[in-house]
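Here's the structure, in structure tokens; my notes come after.
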Amino acid sequence: MPTTELERDIARIAADARTAARALAKTDNAARNRALERIARELRASSAAILAENEQDLAGARARGLSAAMIDRLRLDECRIEAVARGVEEVAALPDIVGRIEGEHTRPNGLRVARMRIPLGVVLMIYESRPNVTADAAALCLKSANAVILRGGSEAFFSNRAIGRAIAAGLDAAGLPPSAVQVVGNTERRSIELLLQRDEEIDLVIPRGGEGLIRFVSQTSRIPVIRHYKGVCHVYVDAAADRDMALAIAENAKVQRPGVCNACETILVHEAVAADLVPALCQRLRACGVEIRGDARVCELAGGAAIPATDDDWAAEYLDLIVAMRIVPNLDAAVAHIERYGSNHTEAIVTSDDAAAERFVRAVQSSTVLVNASTRFADGGELGLGAEIGISTTKLHAYGPMGAEGLTTTKFVVRGSGQIRT
């Protein structure tokens, strides 16, 4: 039995989420969409209050000396709040998933067998920075008829709380239980440990943040965990790459938002194009403020624009304006490098050779593989999921960006006409 006030609070949160999940499972898509539309409206109406709370978080981040990239992940403004609200509306506009019938077939004895999409139940989301995750996770869970418990990091505490109030107001206005989306109202690490023991009420845990957080959750939880330890993403420039395309993709993949998990951390260049491409690429990246850590040949070609890489650099997730660069003899060597140092997240090839692209796509087993496009597209919103609750780099249940469908499972539905088993 819970004995401390914190234990009682966590037990209540989990119990309320389970009750809300049962209620959501009985709702139809129209009711859930109405709630999402009201939430979007409340987010816009609460913009000033959310920004005021976000400024408290930003001030704390500056005082703690967080990097510019990490502060950017935390920052909200009018445009980002509008983007969050639009994201909620985009989730509402997605096709209905819950109750969808799949794989229907008839057995020789006349039984009609099918699978039906159903919600998982209660999802626990544990995450760092990026307060937009609060709204994204809430929207996806509601669309798929799941209740969700949201435990954000201390660095975004005030922002998450403000967004949570807007979500609760939207749910209440739409006639759905506000406890369907709960933002944990404290920053105590003990609350995470207690939540991870509530396996009777919580069905799935999704940690989203640094490798340390995800390993802690995986080692502590009694509940199944979707894992994504880190994003060591690669861009491979093939011998048949278009030069201008390669430069643009590599720059975008590294520079556009360096503090996110789908940013490129290592660039691999085929030796046949290295003499021309590497100097141009280094010059372009240096102009964007990127520190380049290269192998011996890269350092030679870069003319002082790169510093020597260490073995640790090939497996590093910098989340900053730093990139590792290596020259490889062929496509197979690029794939071998990714297999050794990658994290099953996202890899891209730049090439005009269709056969090389196909070999790369088949050989690389990461959760997202792109041809002639930036790794920054490994994102639920960009891939048509409306938003994402996270990116799974473990293959069981879901792999890659997880949208609403990734938050469902299937049950068998069997229809007969009086059959009995002999």
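So what's the angle, to the nearest 10 degrees on a 0 to 90 scale, between helix 211-220 and the longest Cα principal axis of the chain?
Once rounded, one gets 40 degrees.
What per residue convex hull volume, in Å³, comes out for the stretch 307-422 when only alpha-carbon positions are used?
Per-residue hull volume (Cα only) is 199 Å³.
Using a 1.4 angstrom probe and counting only protein chains, how large is the accessible area of Leu111 in Å², to 10?
Number for this one is 40 Å².
Which three lengths, in whole Å and largest first, does the stretch 1-64 cover when its Cα atoms are put on their principal axes?
The principal-axis extents, from largest down, are 44, 40, 14 Å.
May I ask you to list the aspartates and glutamates whose Cα is less than 16 Å away from that of Lys411, ignoring any residue fewer than eight positions away on the same chain?
Lys411 reaches Glu102, Glu104, Asp203.
Could you tell me what fraction of 2.2 N^0.38 Å the Cα radius of gyration of the stretch 151-250 comes to, as a two-decimal ratio?
That works out to 1.55 for the stretch 151-250.
Going by average Cβ density within 10 Å per residue, which order do the peptides 261-268, 314-321 take, highest to lowest?
Per-residue mean Cβ counts within 10 Å order the peptides as 261-268, 314-321.
Go through Ser221, Ser154, Ser417 and list them by solvent-accessible area, largest first, probe radius 1.4 Å.
Ser417, Ser154, Ser221
Taking only Cα atoms, what is the 0 to 90° angle, nearest 10, from helix 132-143's long axis to the longest principal axis of the chain?
It works out to around 50 degrees.
May I have the pair-distance distribution P(r) for the chain, computed from all Cα-Cα distances with 10 Å bins from 0 and rounded to whole percent?
It works out to 5, 21, 27, 23, 16, 7, 2, 0, 0, in whole percents.
Once you have a ≥ b ≥ c as the square roots of the Cα gyration tensor eigenvalues for the stretch 281-323, tell me rounded if a/c is under 1.5, and otherwise prolate or oblate according to whether a/b is larger than b/c.
In terms of gyration-tensor shape, oblate.
Give the cross-link partners of Lys143 among the aspartates and glutamates, using a straight C-alpha distance below 13 Å as the criterion and excluding same-chain residues fewer than 8 apart.
The qualifying aspartates and glutamates are Asp28, Glu37, Glu89, Glu90, Asp96, Glu388, Glu405.
In nm, give the distance between the simple-model label positions of Arg286 and Val413, each being 7 Å from the Cα along the Cα-to-Cβ direction.
6.3
How much accessible surface area, in Å² rounded to 10, belongs to the heavy atoms of Lys230 with a 1.4 Å probe?
Here the accessible area works out near 50 Å².
Using a Gaussian network for the chain with springs between C-alpha atoms less than 10 Å apart, which of these wobbles most: Asn109, Asn146, Asn33?
So, out of Asn109, Asn146, Asn33, the one fluctuating most is Asn109.
With the dipole of the chain worked out from charges on the C-beta (+1 for Lys and Arg, -1 for Asp and Glu) around the Cα centre, which of Val369, Ala166, Leu111 lies farthest toward the positive end?
About the Cα centre, the residue reaching furthest to the positive side is Leu111.
Sort largest first and round to whole Å: the equivalent ellipsoid semi-axes of the stretch 48-97, each the square root of five times a Cα gyration tensor eigenvalue.
The three semi-axes for the stretch 48-97 are 28, 12, 8 Å.
Round to the nearest 10 and report in Å² the accessible area of Arg257, as given by a 1.4 Å probe over the protein chains' heavy atoms.
Per-residue accessible area (Arg257): approximately 50 Å².
The values are calculated or read from the model by the stated rules, or taken from the named source; none is laboratory data. The structure displayed is predicted, hence computed values, not measured ones. Glycine gets a Cβ as well: all are built from the backbone with ideal geometry, and neighbour counts include every protein chain shown. Note: accessible area is taken over every heavy atom of the protein model, side chains too, but ligands, DNA and RNA are not part of it. Shrake-Rupley method; radii C 1.70, N 1.55, O 1.52, S 1.80 Å.
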